[in-house]
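Everything below concerns the one structure shown next.
Rule-based calculations on the coordinates, nothing more; no lab input. Quick caveat: nothing in here was measured; it's all calculated off a predicted structure. Cβ placement follows ideal geometry from the backbone for every residue including glycine, while neighbour counts extend to all protein chains displayed.
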């Protein structure tokens, strides 16, 4: 029985993806990230995606996601809507607060709201942390690695064949999120895949319906549940 437990532990450890080794072309000390892959949006945008939720290899649901972002303030407003137009979840995030304006089960936990906002920022905003290292992976793919204030690591990878990917790792190097951008007809955000590594792994397949640059400020909701981030 003890041998079986050890075997299960070994399989679990091996299944966890960890920080890959970078072959540094330049070790970054006081260098900017101007030559790093940059799949992120700049400015204010409104995006609408159809979102397919997959778990255990099967599609669980298909919903509509409406996202408003402002890269200059890192402000996010988002809504999850059914195909029939029913709003299941709506929230917005400022510099220091997270406001949940509407949340129906099973979208009514604070952890869900926090994770949604963090995932949106991971997809659309450039990392806030400092550029730690850049170079190439074993297959010569270009990579830039950032370290966030909370200790997380973010890798931005440019694979000429597979497209750009963004990966978030925990401070001890365990993979938490993986974003894949599949550029179609020159549009980076046409097809996005998010893979989440949790107790139960799941993936979101996002297909762009509409993207529009926004000039005015985002509207603020009058009634909401506000929490400190």
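With R₀ set to 25 Å, the beta-carbon distance separating residue 58 from residue 125 gives a calculated FRET efficiency near 0.20. Each of residue 211 and residue 97 was given a label point 7 Å from its Cα along the Cα-to-Cβ line. The distance between the two points is 3.1 nm.
Extending 7 Å from Cα along the Cβ direction at residue 199 and again at residue 42 yields two label points whose distance is 4.2 nm. A convex hull fitted around the alpha carbon atoms of segment 52-152 yields 152 Å³ per residue. For segment 63-107, what does the alpha-carbon gyration tensor say about shape, rounded, prolate or oblate, given a ≥ b ≥ c as the root eigenvalues, a/c under 1.5 as rounded, and a/b over b/c as prolate? Verdict is oblate for segment 63-107.
For a paramagnetic label modelled on residue 161 (point 7 Å from Cα along Cα→Cβ), amide N atoms under 12 Å away belong, within segment 106-141, to 139-141.
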